[in-house]
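The values are calculated or read from the model by the stated rules, or taken from the named source; none is laboratory data. In this text the structure is predicted, and so the values were computed from the model without any measurement. All Cβ positions, even for glycine, are placed from backbone atoms using ideal geometry, and neighbour counts span all protein chains on display.
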Amino acid sequence: MEDRELLQLMQKNPENGIRLAMKQYTGLCYYIVQQKLSGQPKEEVEECVSDVFLAFYHQYQKIDLEKGSIRCFLAVLARRKAIDRLRKLTGKETIPLEESWTGENQVQKQEERRQLLDAVHSLDEPDNKILILKYYFGYPTKMIAAAFGLKENTVDQKARRGLEKVRKLLEGGA
Amino acid sequence: MKKEFEEMLDIWTEEELKNFLPEQLPELDEMTRKRIEKRTLEKVKQENRRFSKKQIVAAVVCIVAVLGIAGRGPILAAFEKLFHYLPGVGVYVDEEGTQMYSAELIQDTFTENGVTVTLKNVYAKGIAIHMELVMEGENLTEGILEGQDDFDYLKEKYPVTMEYNGTEYELSSNSGEIRKENDENVNRYRRQIIRSVSNTAQLYTVRIAGFETPLVFRLTANEGTADPETLGVSQTKSGITLTASAEVTEDGIAVELYQVYQTEEIQNAETDFRRQVLIYGIDYGDEDASQDWIEVYRSQNYVENKDGAVLKTILESQEDMQNGLRFVVEGTEADFPITIHRGPTTVETSETQSIALDLPETGETKTMSEQLEFAYGTVEILEVSVSDVFQQRVGTGENTVDVPRRDVEISYRVVPKEGVFQMYAVSAEAPRGLANGVTSDWDYKENIFTFGTDVAEDQETLEATFADPYLWAVEDFTLVIDTPKQLE
């Protein structure tokens, strides 16, 4: 189902809308959350994914399809919810994520984001995509290999090298 | 580097991520996906049921007409369901084969440092454990900083953990409620918690930071019954079963009432025992009409003692239960046997119909003849009117623009069909407008509902959706309870 149709359905009948959204995107959110909560019980992962969709249910009206997509919105939401839950589970200080991006270090954070984006963009395709699929979306190597028609060990190799390249770029080397 | 890289990715926004979105979405095993879906929908439903005010207008005056023409329809087909009585929670109707669990409360309350903590409404549906934690004290937010949010402070001050499977887990609440004294000190804090586990039937220990005493409960499988009449003193009419019990407490006689449907026709129904009284006064502020309605309600719903005297209901004692209601009437054991009289109740069901309506010219009103047939009533579209064009300002800062819009207003009427279940209202929705969103109103004298939105200058049709009809279940019941505590 197209994003626009799904958002229209969310407006008309939120419960049906959320069902369809979950049918389409539970896998995406699950892998993101699982990657962040690795080592935590499965039930924590499931609870967190459920919280992602509950937040989507409350916030879907914020989605601007001119600028983004449901897929992107959910991905960021899943990552944030997972970080929040991990902080709680590991007893680290829980700062609302929105807050951590405002305030005094905002400029520094923006700069970090830009530098990282530049570094990832500077990698060849599909190396940059492999890196993000692995470390943001939590896709298993097997799934990435199938998506790009590569061998599994090639994917791991590319991820390792890509990571090393990003490190050098961020440190000012080439 | 891997860790640092991941942490840097944590602060990426949609803008940064959008070029790296996967084209193929991963699939998840169906059982896990369904489990997550079920949990999420439960959370959504819980929120809708308890903490939000649904934008439906209850056409209370309809009851007079409805009762006047109420026929007794044919007996509806029996339908196989399992009914679970969960002490303290209510009656669950199984529709999906989910295993229910009831709780044995081993330690459900304590008082420490002037705060009384109570564990309530504990049960599990499949792997999802539901519970409520209530804290009561003189000033629970003592020490709060100026400007700090009450909920944030309470959540931080009283984190909750639960031990099971040999591990202690932190619990987060799905929703909460506070009560303030004199609009200042919080003296009641209620948290609703839902937690998924892998092995439901076991012992659980709940701890709240700052208190030594734990709360302990054990969950065991509740097998349920196919015959709700066995749940207590019951009566079944036209596929509706009313079950009741009563116990003598220090406040009076506490009555629990449950209404369940054994019919295939009424699926996913939610009986609303109280909105029929409350919504009128609260939503419309019409005290006179509200008073009239309360009188009607009281004449149909009351408890008599053995001598035929009506026992006064303590209104504050009313509490919603799953598929039921708990309330206290003034009385003692000497009043038994008591007789419970119940009139028609209001029921919400799931049914949705949409229609594309042709819009009249700008500034005109068009009489309509479209009708939408629902199982227990008909929605008759009466009129669609479109206002003159106005300019709606949208955007912010430099991007502000004026957009030509027109207001659309649709009026409709709900005509109930004859029978035991009679539709009297339905939610109506249209796509959200730029100016005022979706508006709705109800003229209770004419019994006409209206709703509206705003549309573009050149829009020719508008899709309207009517969903979740409200019905009257037009049956009355008389239950005699000989002795207290019959439900157990």
May I ask you to verify whether B:ILE240 is out of contact with any Leu (no Cβ under 6 Å at 6 or more places or on another chain), buried (at least 20 other Cβ atoms within 10 Å of the Cβ) and at pLDDT below 90? yes
Unmet requirement for B:THR167, which otherwise passes all of (1) closer than 24 Å to A:LEU89 by Cα; (2) surrounded by 14 or more Cβ atoms within 10 Å (Cβ to Cβ): (2)
I want to confirm something. Restricting to region B:8-29 and keeping residues that are in contact with a Leu (Cβ under 6 Å, 6 or more places away or on another chain) and outside any loop (DSSP other than H, G, I, E, B), which single residue is modelled with the highest pLDDT? B:GLU16
Long-range neighbours under 6 Å by Cβ, at least six apart or interchain, first residue farther than 15 Å from B:ILE481 by Cα within region B:291-315, second at pLDDT 85 or above and of a type in the set (A, V, I, L, M): B:THR313/B:VAL329; B:ILE314/B:VAL328
For region B:5-29, what are the residues that are loosely packed, with under 13 Cβ neighbours inside 10 Å and more than 7 Å from chain A (Cβ to nearest Cβ)? B:GLU7, B:GLU23, B:ASP29
Quick one: what pairs do we get from region A:10-29, first residue more than 7 Å from chain B (Cβ to nearest Cβ), second hydroxyl-bearing (Ser, Thr, Tyr), C-beta under 7 Å, 6+ apart or different chains? A:MET10/A:TYR60; A:PRO14/A:TYR57
Considering region A:63-73 alone, what residues qualify as being more than 9 Å from chain B (Cβ to nearest Cβ) and either under 16 Å from A:TYR135 (Cα atoms) or at pLDDT 95 or above (or both)? none
Strands (runs of 3 or more DSSP E) fully within region B:30-119 counting 1 or more residues that are surrounded by 15 or more Cβ atoms within 10 Å (Cβ to Cβ) and at pLDDT below 80: B:90-94
Only one residue in A:PHE53, A:PHE73 is free of Cβ contacts under 8 Å to residues at least 24 places away in the same chain, of a type in the set (Phe, Trp, Tyr) and either touching a helix residue (DSSP H, G or I) at 6+ places or on another chain (Cβ under 7 Å) or not in a helix (DSSP H, G or I) (or both), so which one is that? A:PHE73
Considering only region B:415-439, state which residues are assigned to a strand (DSSP E or B) and either surrounded by fewer than 18 Cβ atoms within 10 Å (Cβ to Cβ) or at pLDDT 90 or above (or both). B:VAL415, B:THR439
Quick one: which strands (runs of 3 or more DSSP E) sit completely within region B:312-399 and have at least 1 residues that are under 31 Å from the mean Cα position of the chain (by Cα)? B:313-321, B:324-329, B:338-342, B:345-348, B:352-358, B:371-374, B:377-386
Considering region B:176-202, residues that are closer than 26 Å to B:THR32 by Cβ and assigned to a strand (DSSP E or B), and then whichever is nearest to the chain's Cα centre (by Cα), we arrive at B:GLN192
So which residues in region A:119-156 are over 22 Å from B:GLU14 (Cβ atoms) and exposed (fewer than 13 other Cβ atoms within 10 Å of the Cβ), if there are any at all? A:ASP124, A:LYS142, A:GLY149, A:LYS151, A:ASN153
Hits in region B:94-126 (condition: closer than 23 Å to B:LYS485 by Cβ and not hydroxyl-bearing (Ser, Thr, Tyr)): B:MET100, B:ALA103, B:GLU104, B:LEU105, B:ILE106, B:GLN107, B:ASP108, B:LEU119, B:LYS120, B:ASN121, B:VAL122
For B:PHE211, are the conditions met, namely being aromatic (Phe, Trp, Tyr), more than 14 Å from chain A (Cβ to nearest Cβ), part of a strand (DSSP E or B) and under 27 Å from B:ALA128 (Cα atoms)? no
